[in-house]
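Enquirer: Take a look at this one; I'll ask things after.
The values are calculated or read from the model by the stated rules, or taken from the named source; none is laboratory data. Bear in mind the structure is a predicted one, so any value in this text is a computation, not a measurement. Because the Cβ atoms are built from the backbone with ideal geometry, glycine has one as well, and the counts that use them run over all protein chains shown. When the accessible area is computed, the model is the full protein with side chains, heavy atoms only, and any ligands, DNA or RNA have been set aside. Shrake-Rupley method; radii C 1.70, N 1.55, O 1.52, S 1.80 Å.
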Amino acid sequence: MCGIIAITTSMKKPVSKMITTGLKRLEYRGYDSVGISLIHDGKIHTLKDKGQIDLVEKKLDLRSLKGTTGIGHTRWATHGPPNKENAHPHADCTGNITVVHNGIIENYLDLKQYLLKKGHKFSSETDTEVIAHLVEEELKQSDTSMKVIHAFKRVITKIEGTYAITLLHTAEPETIFLAKKDSPLVIGVQDDIKFAASDIPAFLEYTKKVIALNNGEIATITPKTVYIEKNGFKIQPKTFTVTWTVESAQKSGYPHFMLKEIHEQPISLRNTMTINSKKIEQASQMILNAKKIVFLACGTSYYAGLSGFHQFQRILKNKPVYSVIASEYQLYSHLFDKGTLIIAVSQSGETLDVMKAVSYARKQGSDLISIANVIDSSIPRLSQLSLYTKAGPEIGVAATKTHTAQVLLLARIILQLEFETGIIDVNKFDDYKKQLSEETPRVVRTIINQNEFKAKRLASIIADKQHSYFLARGKSMPVALEGALKLKEISYIHAEAFPAGESKHGPIAIVEKDFPVIMIAPNDWTANKILGNAEEMRARGAYIISITERDHPIIKRSDYSFIIPKAFSSLIEPITYVVPLQMIAYYTSVYKGLDPDKPKNLAKTVTVE
Ligand code: F6R
């Protein structure tokens, strides 16, 4: 996720100030580096650097750039580390073209190879830079009458992947060239000024009149005009007027970041699956070569690791696998030695408990793979192999989209291990891989759509409760643990998760009429057993809420049910089953008048022991 903005105006004042303000509104989309380019006196002037907008703005005095047409970018690093060279905008060899991009150009290596052969010089490791050089190459190869728009259109037919692109060329100093596929791009219109941005808040203070570009559309904006076409045919722009306030719009119209992030899961899951296969193969080799494996993490990330741990145990039959809460690592210090492979899971990559545990393990000679969401954070920097979820910035304190992205990344590794160990053949491997990237986001979207209203209604039923239980069996336990954590941390209802079979050994003692019991019940070998546990609870008057599949007998024994589509693989069940639990927690918090984004006593990144 990156944030992009472009502005062109016939008014005399420079647009650098508006671009800088717009980038601040887009910072939630990424903050690894910042850059802007403006055309002034027939030349492109670019300022960019690593770091967040406030720092870069002060350091480079971004607002000092002159020019009435410009583009800007705030980056969430994907290709190449977050440094000045990889910061957008990117130029061609002549310096006449500058471009910013959000998305991933999947075939950029092939395109780069082609351009290198043609003599182009690259200044970054990004996929984006190929766009500027491709436009340059098209213009070079054509006769001199070729307009920039024609070269731009040809380039768009050559790139594959996802993109929102804005591009400037000194030959047409008032025009901004735009293209969109699968990454957001909206146009803002006012009489003498036009905007394009990843999100409306970027220009909301200047206009509420918006045109949303659709996939496959190519557009140009000048101070007075908007031109859009698709497949060579002109499109009549449809303008709508938004009613958002600047403050609320930063959440793209959602009342809270947490809800926005729950809804972003289909995108974050799809992006996470674009990870380079070589990295997964490397991870799988490290796992297969290790003498023992230890998952290390805290909180929600620990539960993601726990899902991985169960599957690793199933596959790596003769290899010891452990899952350790990072703050408890001293108790397991005997596990950390040469030959041990640590898999550290941490969204922020900065959690001190995890840092301490992995630092100790590294000193004892253990190897380290990290799974983080924040690029180049501390824990990845200690690792031999850093794998990144591509969930984008998560602002709500309670982790949602980063958790499901962690589970998916682990599922991808597990699939690789199943293939390497001969559990599945190459056809199944390819098929499941495709399903992980295509089917998982689709199923999650369906689950959100079908269950959001139900979660909202359930919130009004359970909001006044003091306690709740989350019950599961087998591999569903991490889901129950995560559901209980979500509910307690943002709604302050005490929530306890335990294996359903344990209830009769103590916890059932406090169950009374209308005590909420949430049962995670996939339709597998656990079906009859968990049905029995539900009956025990019902007999004491519990209010049974089941998260289950169509045809599971528990539905008839439940007071309230959420139906989850049967997963194509049990590997994604910890994702599909957790989504309704996130929504139950969110809506219960809201129903109680609390702020789910900022639960009391908690912080997003925990850098204390
Ligand atoms: C709960 C939550 C926390 C974090 C934990 C670890 O919603 O977000 O439990 O999972 O503090 O944080 P990371 O993943 O940054 O190491």
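Enquirer: Ordered by residue, what ³J(HN,Hα) values in Hz, to whole numbers, does the range 589-596 give under the Karplus form 6.51 cos²θ - 1.76 cosθ + 1.60, where θ = phi - 60° and Gly and Pro are x?
Expert: After applying 6.51 cos²θ - 1.76 cosθ + 1.60, I find 4, 5, 4, 7, x, 8, 9, x Hz.
Enquirer: Find out how many positive minus negative residues lie around Asn523, taking Lys and Arg as positive, Asp and Glu as negative, among other residues whose Cβ is under 15 Å from that of Asn523. Walk me through the numbers before you get to the answer.
Expert: Details: positive: Arg473, Lys475, Lys529, Arg550, Lys556, Arg557, Lys566; negative: Asp524, Glu549, Asp551, Glu573.
Charge balance in the 15 Å sphere: +3.
Enquirer: Could you do me a favour and compute the accessible area per residue for the range 3-242, 1.4 Å probe, result in Å²? Let's see the in-between values first.
Expert: Details: 9740 Å² over 240 residues.
On a per-residue basis, 41 Å².
Enquirer: Just to confirm a number: summing +1 for Lys and Arg and -1 for Asp and Glu over residues other than Glu106 whose beta-carbon lies under 13 angstrom from that of Glu106, what do you get?
Expert: On the way: positive: Lys112, Lys158, Lys181, Arg270; negative: Asp110, Asp127, Glu160, Asp182.
Cβ neighbours under 13 Å give a net charge of 0.
Enquirer: Hey, another quick one. Taking a threshold of 24 Å on the Cα-Cα distance, which of the pairs Lys158/Lys230; Lys338/Lys475; Lys433/Lys454; Lys209/Lys260 fall above it?
Expert: Details: Lys158/Lys230 15 Å; Lys338/Lys475 30 Å; Lys433/Lys454 31 Å; Lys209/Lys260 22 Å.
Table pairs above 24 Å Cα-Cα are Lys338/Lys475; Lys433/Lys454.
Enquirer: The range 447-506 to the range 138-190: how many Å between their Cα centroids?
Expert: So the separation of the two Cα centres works out to 49 Å.
Enquirer: So what is the relative contact order of the range 3-242, in percent, for Cα pairs below 8 Å that sit 6 or more residues apart? Write out the running numbers ahead of the final one.
Expert: Working: 609 pairs, mean separation 49.3, N = 240.
Relative CO of the range 3-242 lands at 21 percent.
Enquirer: My understanding is that a pair violates if its Cα-Cα distance is over 27 Å; which of Lys112/Lys181; Lys24/Lys118; Lys118/Lys194 do that in this structure? Can you show the working numbers first?
Expert: Numbers: Lys112/Lys181 20 Å; Lys24/Lys118 38 Å; Lys118/Lys194 36 Å.
Check vs 27 Å cut-off fails for Lys24/Lys118; Lys118/Lys194.
Enquirer: Right, another one. I'd like the chymotrypsin sites (Phe, Trp or Tyr not before Pro) in the range 477-553 restricted to DSSP loop residues with at most 10 other Cβ atoms within 10 Å, sorted by number.
Expert: Numbers: sites: Tyr492, Trp525, Tyr543; in loops: Tyr492, Trp525.
For chymotrypsin sites (Phe, Trp or Tyr not before Pro) across the range 477-553 that sit outside H, G, I, E and B with at most 10 neighbouring Cβ atoms in 10 Å, the list reads Trp525.
Enquirer: Return the aspartates and glutamates within reach of Lys513: Cα separation strictly under 17 angstrom, same-chain partners fewer than 8 residues apart disregarded; answer none if there are no such residues.
Expert: Lys513 reaches Asp464, Glu535, Glu536, Asp559.
Enquirer: Put +1 on the Cβ of every Lys and Arg and -1 on every Asp and Glu Cβ in the chain; which of Leu62, Ile379, Ile342 then has its Cα farthest towards the positive end of the dipole?
Expert: Leu62
Enquirer: Using only the alpha-carbon atoms, how far is helix 477-491 inclined from the longest principal axis of the chain? Give it as 0 to 90 degrees, nearest 10.
Expert: 70 degrees
Enquirer: So, one more: Residue-wise, which Karplus ³J(HN,Hα) couplings in Hz belong to the range 330-346, taking 6.51 cos²θ - 1.76 cosθ + 1.60, θ = phi - 60°, and x for glycine or proline?
Expert: So the Karplus estimates, Gly and Pro as x, are 4, 5, 10, 4, 5, 7, 8, 8, 5, x, 8, 10, 8, 10, 9, 10, 7 Hz.
Enquirer: Could you pull out every residue, at least 5 positions away or on a different chain, whose amide H is within less than 5 Å of the one on Cys298? Hs are placed 1.01 Å off N in the peptide plane, and Pro or chain starts have none.
Expert: The list, which skips near neighbours in sequence, is Ala326.
Enquirer: Pop out the carbon and sulfur fraction of the accessible area of the chain as a percent, whole number, probe 1.4 Å. Don't skip to the end; give the middle numbers.
Expert: Values: 12350 of 24270 Å².
Ligands and nucleic acids excluded, carbon and sulfur reach 51 percent.
Enquirer: Starting from the Cα of Lys428, draw a straight line to each of the aspartates and glutamates and keep only those under 13 Å, dropping any in the same chain fewer than 8 residues away.
Expert: The reachable aspartates and glutamates, counting only those whose Cα sits under 13 Å from Lys428, are Glu418, Glu420.
Enquirer: May I pose another question? List the chymotrypsin sites (Phe, Trp or Tyr not before Pro) in the range 341-437 that DSSP assigns to loop (not H, G, I, E or B) and whose Cβ has at most 12 other Cβ atoms within 10 Å. Which are they?
Expert: Working: sites: Tyr360, Tyr388, Phe419, Phe429, Tyr432; in loops: none.
Passing sites in the range 341-437 do not exist.
Enquirer: What does the highest-first list of 276-283, 264-271, 230-237 look like by mean Cβ count within 10 Å?
Expert: Values: 276-283: 14.6, 264-271: 23.1, 230-237: 10.1.
Per-residue mean Cβ counts within 10 Å order the peptides as 264-271, 276-283, 230-237.
Enquirer: Note the full-extension length gain between Glu106 and His79 as 0.36 nm times their separation in residues minus their Cα-Cα distance, in nm to one decimal. Walk me through the numbers on the way to the answer.
Expert: Details: separation 27, 0.36 × 27 = 9.72 nm, distance 1.05 nm.
Gain on stretching Glu106 to His79: 8.7 nm.
Enquirer: Semi-axes, largest first, in whole Å: what does sqrt of 5 times each Cα gyration tensor eigenvalue give for the chain?
Expert: On the way: eigenvalues 414, 155, 94 Å².
Output for the chain: semi-axes of 45, 28, 22 Å.
Enquirer: Near the amide H of Ile564, under 5 Å away, which other amide H atoms are found, from residues 5 or more places off or on another chain, if H is placed in the peptide plane?
Expert: Thr548, Glu549, Arg550
Enquirer: Still on this structure: What is the distance in Å between the Cα centroid of the range 379-434 and that of the range 46-68?
Expert: What the calculation gives is 36 Å, centre to centre.
Enquirer: Starting from the Cα of Lys291, step 7 Å toward the Cβ, then list every residue of the range 308-351 with an amide N under 13 Å from that point.
Expert: What the label zone holds, given the 13 Å backbone N cut-off, is 320, 334-341.
Enquirer: Still on this structure, I have one more. What is the gain in length, in nm to one decimal, between Asn523 and Ile315 on full extension, counting 0.36 nm per residue of separation less the C-alpha to C-alpha distance?
Expert: Working: separation 208, 0.36 × 208 = 74.88 nm, distance 2.18 nm.
Between Asn523 and Ile315, full extension yields an extra 72.7 nm.
Enquirer: While we're looking at this one, here's another question. Got the relative contact order for the chain handy, in percent, Cα pairs under 8 Å and 6 or more residues apart? Show your work: numbers first, answer last.
Expert: On the way: 1369 pairs, mean separation 64.6, N = 609.
About 11 percent, as a whole number.
Enquirer: How far apart, in nanometres, would the label points at Arg540 and Ile510 be if each is projected 7 angstrom from Cα along the Cα-to-Cβ direction?
Expert: 1.0 nm
Enquirer: Right, something else. Round to the nearest 0.05 the FRET efficiency obtained for Met146 and Glu281 when R0 = 51 Å and r is the Cβ-Cβ distance.
Expert: Using R0 = 51 Å, I get an efficiency of 0.75.
Enquirer: Turning to a different aspect of this structure: Can you check what the net charge comes to around Ile462, using other residues whose Cβ is under 15 Å from the Cβ of Ile462 (Lys, Arg +1; Asp, Glu -1)?
Expert: Numbers: positive: Lys454, Lys456, Arg457, Lys465, Lys486, Lys488, Lys513, Lys592; negative: Asp464, Glu496, Glu512, Asp514, Asp559.
So the surrounding residues net to +3.
Enquirer: Also, I was wondering about something else. To the nearest 500 deg cm²/dmol, what mean residue ellipticity at 222 nm is calculated for the chain from DSSP H runs of n ≥ 4 alone, each contributing -39,500 (n - 2.57), summed and divided by the residues? Mind dumping the intermediate values first?
Expert: Values: 18 runs with 220 residues, N = 609.
Mean residue ellipticity, 222 nm, calculated: -11500 deg cm²/dmol.
Enquirer: Continuing with this model, one more query. Can you give the extra length, in nm with one decimal, that the chain gains between Ile423 and Lys224 once fully stretched, where that is 0.36 nm per residue apart less the Cα-Cα distance? Could the numbers behind the result be given before it?
Expert: Working: separation 199, 0.36 × 199 = 71.64 nm, distance 6.17 nm.
So the chain would gain 65.5 nm between Ile423 and Lys224.
Enquirer: Over the range 337-496, what relative contact order in percent results from Cα pairs under 8 Å that are six or more residues apart? Walk me through the numbers on the way to the answer.
Expert: Numbers: 173 pairs, mean separation 21.5, N = 160.
Once divided by the residue count of the range 337-496, the mean separation gives 13 percent.
Enquirer: Additional query: Taking amide H positions as placed in the peptide plane 1.01 Å from N, state which residues far from Lys224 in sequence (5 or more) or on other chains have amide H under 5 Å from it.
Expert: Here the answer is none, since no amide H 5 or more places off falls under 5 Å of that of Lys224.
Enquirer: Apply the Karplus parameterisation 6.51 cos²θ - 1.76 cosθ + 1.60, with θ equal to phi minus 60°, to every residue of the range 435-440 and state each ³J(HN,Hα) to the nearest whole Hz, in sequence, with x for glycine and proline.
Expert: Ordered by residue, 3J(HN,Hα) equals 5, 4, 7, 9, 7, 4 Hz.
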